[in-house]
1. Only protein chains counted, 1.4 angstrom probe. Which residues of region A:191-214 are at least 40 Å² less accessible in the assembly than when their chain is isolated?
2. Could you pull out every one of the lysines with an alpha carbon less than 23 Å from that of B:LYS22, ignoring same-chain neighbours closer than 8 positions?
3. Using DSSP, restrict attention to beta bridges with both residues in the protein assembly as shown and report what percent are antiparallel, rounded to the nearest 5.
4. Leaving ligands, DNA and RNA out of it, rank B:HIS53, B:HIS157 by accessible area with a 1.4 Å probe, largest first.
5. Can you give the Kirkwood hydrodynamic radius for chain A, in Å, rounded to one decimal and based on Cα pairs?
6. On the accessible surface of the protein assembly as shown, probed at 1.4 Å, how many percent belong to carbon and sulfur atoms?
7. Take the alpha-carbon positions of region A:3-100, form their convex hull, and give its projected area averaged over all directions (one quarter of the hull surface) in nm².
8. Please give every one of the lysines within straight-line cross-link reach of A:LYS2, meaning a C-alpha to C-alpha distance under 28 Å, and leave out same-chain neighbours fewer than 8 residues apart.
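The values are calculated or read from the model by the stated rules, or taken from the named source; none is laboratory data. On a predicted model such as this, the values are computed, not experimentally measured, just so you know. We place every Cβ from the backbone using ideal geometry, glycine too, and count neighbours over all the protein chains shown. What goes into the accessible areas is simple: the full protein's heavy atoms, side chains included, and nothing from ligands, DNA or RNA. Shrake-Rupley method; radii C 1.70, N 1.55, O 1.52, S 1.80 Å.
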Amino acid sequence: MKVTLHVWRQAGPTAPGRFVRYDMTDVSPDMSFLEMLDVLNQQLIARREEPIAFDHDCREGICGACGMVINGRPHGPQRATTACQLHMRTFPDGADLWIEPWRARAFPLIKDLVVDRGAFDRIVQAGGFITVRTGSAPEANAIPVPKRDADLAMDAAACIGCGACVAACPNASAMLFVAAKVSHLGLLPQGQPERSARVVNLVAQMDAEGFGACTNHGECMAACPKEISIDFIARLNRDYIKAAISHRQG
Amino acid sequence: MTPLVAAHAPATPRLVRSLIGKKVIMAVTGVILLLFVIAHLLGNLKVFQGAEHFNAYAAGLRTLGAPFFPRGLLLWVARIVLVGAVCAHIWAAIAVTRASWSARPVGYHGLEAVETTYAARTMRWGGVIIAVYLIYHLLDFTFGRVNPSFVPGDVYHNVIASFRVWPVSAAYVVAMVVVGLHVYHGLWSAFQTLGLNRPPTFRWRRGVAGTVAGLIAVGYISIPVAVLAGILR
Ligand code: HEM
Ligand code: SF4
Ligand code: FES
């Protein structure tokens, strides 16, 4: 199949950027989107041009490294699918594809389609962990967890930190990511000791990173490759309100 | 690394500083305004009972709580709460809007809307329209400055006189559609912001918000329509 790409090219954080057009022929419908970009990069290298920089690692939809906005949709048009798991057969022959990086002040652009998602790491460092007793592993069944809580916690833990929620949000808000991190630990008995400090500190760090304010559009949920529900945002708000009132310091 | 517990308690409370807190202020004040909008509608619908009933209702508001409270006291308390709620609501709206606008300095070639609604996308400009409308509304019926023939105390007359002017009625209808849209997303959104959305709520809150918003818009719009149609004269 044939596709026409319009790729955002920007040499560095402060360099001016623009869309560059690439016409591709002989694209296999069974290629993944990233494989298609690999082929293009081989051609660019053969022509002694700078290849397109984009993030990727596992290429099996579990690491959260890949991510680009394809025709106005983070990770492309297919629901619950990362860019690396997207296949060219999703698109019609002759498709026009606009490819851009995540756009958010908190995700500064490094090069082409690569942005710095360190803001997410700093949010997790602010309290996205639990205190554990080191030494021998505890008996796995010593702490009972209700089935419903275990399931919900797993749903939240599915977040791979890709940042598509921020990219899709009209406000560039990170609420879905933070909600997933807060809920995943806050739902489990092991997460209780730091529960209120965690939500307060994660939210403070989220604001400090310069993300916008959620206005409940729900675009994050539609873009999320792990289909994290905005129910978790309500849970985050609930936890935050409780903690902000009762948690004394911070 | 950020310590789990910081040493100093900052001066401003967390609920005022954080963006979530500002949304909570917006939701709480929005619900206060919504309760007012519903009570105000129930009162206004008495216009259909005729001049005598309607004027008596308006006068009765001044003696609300009698004989326990002095004349006009509760009305003034309500006014102060409402003015406070409007100010806090707009202040928080401006604060979160500015945060969101600065959160994406470089925009997209195109970002496709998938999940959002027209109501959600028009909250900000809708809010501005409501604020402008509110000022006109007060000048018209409360202060009588822009009313075609204001008679203090004859509320029924003032309403009919104003709505007979069709551009006034038309503007009122538009404003009430905007209020309906704002309330639809606002109420739905407030469930979320206040953390009241637990799994079963998720299924019915859109319906509840839509019904409340629809009833409010239709209820308010019925009055100018009845005046123009000659049902209220
Ligand atoms: C009739 C009067 C009004 C009522 C009943 C009302 C009600 C509400 C409610 C219930 C919310 C939900 C808060 C949340 O997201 O949790 C809201 C949000 C909002 N309101 Fe109002 N409001 C009114 C007037 C205004 C005015 C005058 C403005 C601005 C000048 C305004 C601007 C906003 C904005 C920007 C939001 C946030 C939008 C969002 O969350 O998507 N509102 N309102
Ligand atoms: S919530 Fe979804 S979209 Fe957001 S970072 Fe996690 S996996 Fe990605
Ligand atoms: S490369 Fe790991 S999720 Fe796409």
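1. Buried by 40 Å² or more upon assembly, which counts only protein chains, are A:ASN201, A:ASP207, A:ALA213.
2. Leaving aside lysines fewer than 8 places away in the same chain, those within reach of B:LYS22 are A:LYS181, A:LYS242.
3. Restricted to the protein assembly as shown, the bridges split so that about 75 percent are antiparallel.
4. B:HIS53, B:HIS157
5. One over the average 1/r among Cα pairs gives 19.5 Å for chain A.
6. That fraction is 63 percent.
7. Convex hull of Cα atoms, orientation-averaged projection: 6.4 nm².
8. A:LYS111
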